[in-house]
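The values are calculated or read from the model by the stated rules, or taken from the named source; none is laboratory data. Fair warning: this is a prediction, and the values are worked out from it, not measured in the lab. Cβ: placed from backbone, ideal geometry, glycine included. Neighbour counts: every protein chain shown.
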Amino acid sequence: MSFAIAGIFWGIAADKGNRALITSIACIAWSISSFVTGSVDSLAVLAAMRLLLGIAQSAAEPTMFSIVADYFPASKQATANSILHAGPFIGSGLSSLSIIMIA
C-alpha cells in the first residue's frame with residue numbers, strides 16, 4: 001500500500017527534482033530499513049520499517065526510468081530499461097545457484 005501511494009509522489013518529485021539525489025536518498029533509506037527489519041523484536045518497529053521500505057523502494061521506478069531517458073537515445077531506451085529491470089531476477093537466480101554450489 002505504501003509502495004503504490006508513495007510512487008505517485010516520487011513520480012512528481014522525479015519530474016521536478018534531482019533524480020540522482022532522490023535515488024541516492026531512497027537507496028540509503030531502503031538499506032537502513034532492510035537492516036533494521038532483520039534485527040527488530042517489536043511488531044510496531046517491524047511494521048514501521050516495512051512502511052519505510054515500501055516508500056523507499058517506490059522511488060526507484062520513476063527516477064530510474066527518467067535517468068534512463070536522460071542518458072540513452074530513444075532507440076536504446078527499451079534495451080536499457082529491460083537490462084535495468086532484469087537485475088533483480090538475475091540476482092535471485094545467481095543467489096540460488098550460489099546456494100546450490102555452497103551446499
field: Unique match (being at pLDDT below 90, of a type in the set (S, T, N, Q), on the phi < 0 side of the Ramachandran plot and surrounded by 13 or more Cβ atoms within 10 Å (Cβ to Cβ)) among 39, 96, 2
entry: 2
- line: segment 26-103: helices (runs of 4 or more DSSP H) wholly inside it with 1 or more residues that are more than 30 Å from residue 15 (Cβ to Cβ), free of Cβ contacts under 8 Å to residues at least 12 places away in the same chain and of a type in the set (A, V, I, L, M, F, W, C) are 43-57, 77-102
- request: For segment 1-10, indicate whether the set of residues that are over 19 Å from residue 85 (Cα atoms) and touching a helix residue (DSSP H, G or I) at 6+ places or on another chain (Cβ under 7 Å) is non-empty.
  value: yes
field: Qualifying residue in segment 70-80 (condition: in contact with a helix residue (DSSP H, G or I) (Cβ under 6 Å, 6 or more places away or on another chain) and of a type in the set (Phe, Trp, Tyr))
entry: yes
message: Residue under question is residue 68, and the condition is that it be buried (at least 16 other Cβ atoms within 10 Å of the Cβ), at pLDDT 90 or above and over 12 Å from the mean Cα position of the chain (by Cα); does it hold?
response: yes
query: Quick check, is residue 97 under 25 Å from residue 29 (Cβ atoms) and not small (Gly, Ala, Ser)?
result: no
